[in-house]
Amino acid sequence: MDRMIYTALNALTNQRDQRVTQAQNLANQNVPGYRRDLNNDGKAFFADALNTEMVRAFQTETGPAGFSEESGPLQQTGEALDIAVIDDGYFYVRPDGIGDPALSRRGDMRRMADGTLANGAGDMLLDVNMNPIQVPVYREIQITDIGEIWVDPIDADPNEPPLLVGTLASVIPTPDQKLLKGADGQIRSPDSTVPPPNQLAKLSQGVLEGSNVNTVEELVNSIEMQRSFELGIRMVSTASKIDEAGARLLRSPDA
């Protein structure tokens, strides 16, 4: 009967991991450009040889869980520093301004006090040389669909042409370039590097991409998961009762 209990407990453990993933998604449903985490369904294996008294079936993970690359909803904001990647592609960012480069879809940019561009999470936007982009105080800023940043400096002659201050690095990974979310929640290759920029992503100024989390779908999955959890608890309870009943049958009668 312990096989039934271990199998049920293993299922409950997997459901716990799924609930963590679901909570993470719901907590970030309003974060611009957030990529929804996916469950790692894994596969079943037998802990010992079949047809032995010690055999137990377990569900195991097959590797790091992935994330959804579907585009989130686009919203016209009219803000000059709101940038969205249209369809496929990513920006390059340096998390917290000090970490290793990573990929991101978050385009709610702002100019920091030192002139660098950062998104709403404080991650610095990088240029094609993987350096932070410095933007002077400006009267007007234009960002092209290939990421070129043109500004009219506030102290420049109004008759002077706009100044190119940098180009936002972007990339559309090839099918063989696998991407994963790391422990810090940032998107990189499995070896913690990033693919080189190829500037194939199309950008749009004044537009902000939302999270690709489907709140209704997550809540429906939460209800189904709760039912599965209750079923697993019931299995453990039933197995325990059956085990206790069997033990009573084998117990020696009192003298």
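Below are the figures for this structure:
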read-out	value
L103 vs. criteria of a type in the set (A, V, I, L, M) and at pLDDT 95 or above	yes
Unique match (being more than 22 Å from P197 (Cβ to Cβ), touching a strand residue (DSSP E or B) at 6+ places or on another chain (Cβ under 6 Å) and not hydrophobic (A, V, I, L, M, F, W, C)) among D127, D152	D152
Top-ranked residue of region 102-121 - restricted to ones that are of a type outside the set (G, A, S) and under 16 Å from the mean Cα position of the chain (by Cα), ranked as most open to solvent (accessible area, probe 1.4 Å)	R106
All positions within region 151-200 that are within 20 Å of R139 (Cβ to Cβ) and either outside any loop (DSSP other than H, G, I, E, B) or touching a Ser or Thr at 6+ places or on another chain (Cβ under 7 Å) (or both)	V151, D152, P153, L163, L164, V165, G166
Selection from region 200-241 of residues that are of a type in the set (V, I, T) and over 28 Å from G107 (Cβ atoms)	V220, I223, I233, V236, T238
Looking only at region 215-239, and only at residues there that are charged (D, E, K, R) and either within 18 Å of V20 (Cα to Cα) or at pLDDT below 75 (or both), the one that is most open to solvent (accessible area, probe 1.4 Å)	R227
Those residues of region 178-199 which are surrounded by 12 or more Cβ atoms within 10 Å (Cβ to Cβ), over 16 Å from the mean Cα position of the chain (by Cα) and farther than 25 Å from E79 by Cβ, in sequence order	P195, N198
Checking E53 against (1) over 17 Å from G120 (Cβ atoms); (2) modelled with pLDDT of 60 or more; (3) loosely packed, with under 14 Cβ neighbours inside 10 Å, the condition it does not meet	(2)
Cross-chain or 6+ apart pairs with Cβ under 7 Å, region 119-138 first and aromatic (F, W, Y), then assigned to a loop (DSSP other than H, G, I, E, B)	Y138/I154
Residue pairs meeting the criteria (Cβ under 6 Å; at least 6 apart or on separate chains; first in contact (Cβ under 8 Å) with a residue 24 or more places away in the chain and within 15 Å of E224 (Cα to Cα), in region 15-29; second buried (at least 16 other Cβ atoms within 10 Å of the Cβ) and of a type in the set (S, T, N, Q))	Q18/N39; T21/N39
Complete set of residues in region 125-139 that are open to solvent by 90 Å² or more (accessible area, probe 1.4 Å) and in a strand (DSSP E or B)	Q134, R139
Residue satisfying condition, being at pLDDT 75 or above and outside any strand (DSSP E or B), within set D17, D48	D17
Selection status of L208, in a strand (DSSP E or B) and either in contact with a Pro (Cβ under 9 Å, 6 or more places away or on another chain) or among the β-branched types (V, I, T) (or both)	yes
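The values are calculated or read from the model by the stated rules, or taken from the named source; none is laboratory data. A quick note: this is a predicted structure, and the numbers were derived from the prediction, not measured. Methodologically, a virtual Cβ is constructed for each residue, glycine included, from the backbone with ideal geometry; neighbour enumeration extends over all protein chains shown. Just the protein is used for accessible areas: all its heavy atoms, side chains included, with ligands, DNA and RNA removed. Shrake-Rupley method; radii C 1.70, N 1.55, O 1.52, S 1.80 Å.
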